[in-house]
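Colleague: Provided herewith is a single structure, encoded as structure tokens, for subsequent inquiry.
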Amino acid sequence: MNNDLFQSEYPVSDEKVQFFRENGYVRFDDVLSEEELEVARAGMDKARAERKGFARDLAGGDGGGDGMAKRDLIHPMVNLWAAYPAVQDYIFGGRVAKMAQRLAGGGDIHLYHDQALVKEPGPSAPSPWHQDQPYWPSKEPGMFSCWMALDDVTIERGCMQFIPGSHKWGEYPPISFKGDGPALKDYMNEEQLAQWNPVPVELKAGSCTFHHGLTFHFTNANTTDHIRRALVAIFIPEGITYAAEDKMDNQFTDTITSKKGEILRGTRFPQLA
Ligand SMILES: O=C(O)CCC(=O)C(=O)O
């Protein structure tokens with residue numbers, strides 16, 4: 001740890017914990033200071049510059065070109081903590097991990113991975129309604145994320161939108177980000193459709209939302225002239241087990257050291273709290 005940034009505690013009230021449990025998401029304002037924001041942005045921008053041709057896109061292209069194709073997509077870069085000290089300080093500083101621990105009701109918190117999600121200015125693509133749990137290796141739900149805004153986010157810039165309470169509706173198949181499969185809405189019954197009331201959460205930079213792995217969420221394309229940078233951390237709370245072959249393989253499967261049914265652990269899932 002280079003300094004004392006990202007370490008001081010951010011109070012999480014019982015009301016916030018309760019809100020998270022009931023709605024499957026919760027917001028926190030002014031979590032990062034201006035100084036911390038600058039450090040986090042610089043870390044992410046370094047990664048963006050160095051990994052220019054590396055960013056993969058969720059919509060199926062190669063994401064490696066510099067033309068419009070790149071602008072159309074969201075560029076996930078994962079596990080920046082392992083390469084960029086600024087992101088490592090953010091992830092290991094403890095503030096956000098302790099907030100996660102409060103929301104989980106205590107117990108150990110391990111990192112699954114971090115993820116920089118960037119929507120460049122100009123026309124880009126929406127992130128379709130989806131749940132995260134279908135893409136994760138755990139047998140039971142319980143893993144969850146912190147989505148930290150590094151820029152002010154509005155609906156037009158791609159802030160997070162949630163369906164409150166949808167984390168209680170069960171797990172649905174993974175949604176294709178290419179748009180070539182069923183939409184999440186296609187799986188809904190009439191009662192669910194009647195409750196399909198998206199809540200956009202506009203945030204100032206340095207504020208964040210947490211969302212449960214089963215919560216339905218969506219972001220618009222970034223149609224503004226300013227970049228949208230979000231730094232996501234995904235947490236494994238206590239008691240989560242590995243589903244192994246019952247789940248799809250992904251780029252993290254090789255780092256998992258657990259056997260099916262054992263507590264989910266891996267060489268790159270450090271304990272944070
Ligand atoms: O940032 C986005 O556009 C989507 C974020 C998301 O799906 C997530 O963090 O789980």
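We did not get these values from a lab; they are worked out from the coordinates using the rules stated. Not measured: the values here are computed from a predicted model. Every residue, glycine among them, receives a Cβ derived from its backbone with ideal geometry; neighbour counts consider all protein chains shown.
Colleague: If one puts a single equal scatterer on every Cα of the range 164-236 and applies the Debye formula without solvent, what log₁₀ I(q)/I(0) results at q = 0.22, 0.23, 0.25 Å⁻¹?
Modeller: -1.28, -1.33, -1.40
Colleague: Sticking with this structure for a sec: Fewest to most neighbouring Cβ within 10 Å: what's the order for TRP196, TRP129? Please list the in-between numbers first.
Modeller: Details: TRP196 13, TRP129 21.
Starting with the residue having the fewest Cβ neighbours, the order is TRP196, TRP129.
Colleague: Would you mind working out the magnitude of the charge dipole of the chain relative to its Cα centre, with +1 at each Lys and Arg C-beta and -1 at each Asp and Glu C-beta, to the nearest 20 Debye?
Modeller: Working: 28 positive and 39 negative charges, 80 e Å.
Using only the charged Cβ atoms, the result is roughly 380 debye.
Colleague: By how many nm would the segment from GLU35 to ALA82 lengthen if fully extended, with 0.36 nm per residue of separation less the alpha-carbon distance? Please list the in-between numbers first.
Modeller: On the way: separation 47, 0.36 × 47 = 16.92 nm, distance 2.16 nm.
Residue separation times 0.36 nm, minus the Cα-Cα distance, leaves 14.8 nm.
Colleague: Which residue, chosen from GLN195, ALA125, ALA243, occupies the Cα position most advanced towards the positive end of the dipole of the chain, where the dipole is computed from +1 (Lys, Arg) and -1 (Asp, Glu) charges on Cβ about the Cα centre?
Modeller: Farthest towards the positive end: ALA243.
Colleague: Run the Debye formula on the Cα coordinates of the chain, all scatterers equal and no solvent, and tell me log10 I(q)/I(0) at q = 0.08, 0.12, 0.16 1/Å.
Modeller: Log-scaled intensity ratios, in q order: -0.30, -0.71, -1.39.
Colleague: Still on this structure, I have one more. If only Cα atoms are counted, what is the Rg of the range 122-196, and what is its Dmax, in Å?
Modeller: When restricted to Cα atoms, the range 122-196 yields Rg and Dmax of 13.9, 39 Å.
Colleague: Let me ask you something else. Quick check on the range 86-170: take the gyration tensor over C-alpha atoms, sort the square-rooted eigenvalues as a ≥ b ≥ c, and tell me if it's rounded (a/c under 1.5), prolate or oblate. Could you put the intermediate results ahead of the total?
Modeller: Working: a/c = 1.95, a/b = 1.22, b/c = 1.59.
The shape class here is oblate.
Colleague: In the structure shown, do any of LYS168/LYS260; LYS46/LYS247; LYS16/LYS168; LYS139/LYS259 have a Cα-Cα gap over 23 Å, and if so which?
Modeller: Details: LYS168/LYS260 25 Å; LYS46/LYS247 33 Å; LYS16/LYS168 18 Å; LYS139/LYS259 12 Å.
Violating the 23 Å limit, Cα to Cα: LYS168/LYS260; LYS46/LYS247.
Colleague: Here is a follow-up. Given only helices, namely DSSP H runs of n ≥ 4 each adding -39500 (n - 2.57), what is the per-residue ellipticity at 222 nm of the chain, to the nearest 500 deg cm²/dmol? Could the numbers behind the result be given before it?
Modeller: Values: 6 runs with 54 residues, N = 273.
Dividing the helical sum by the residues of the chain leaves -5500 deg cm²/dmol.
Colleague: Counting other C-beta atoms within 10 Å, and keeping those with at most 15, which DSSP coil trypsin sites (Lys or Arg not before Pro) do you find in the range 183-264?
Modeller: Here the sparse-neighbourhood loop sites are LYS204, LYS259, LYS260.
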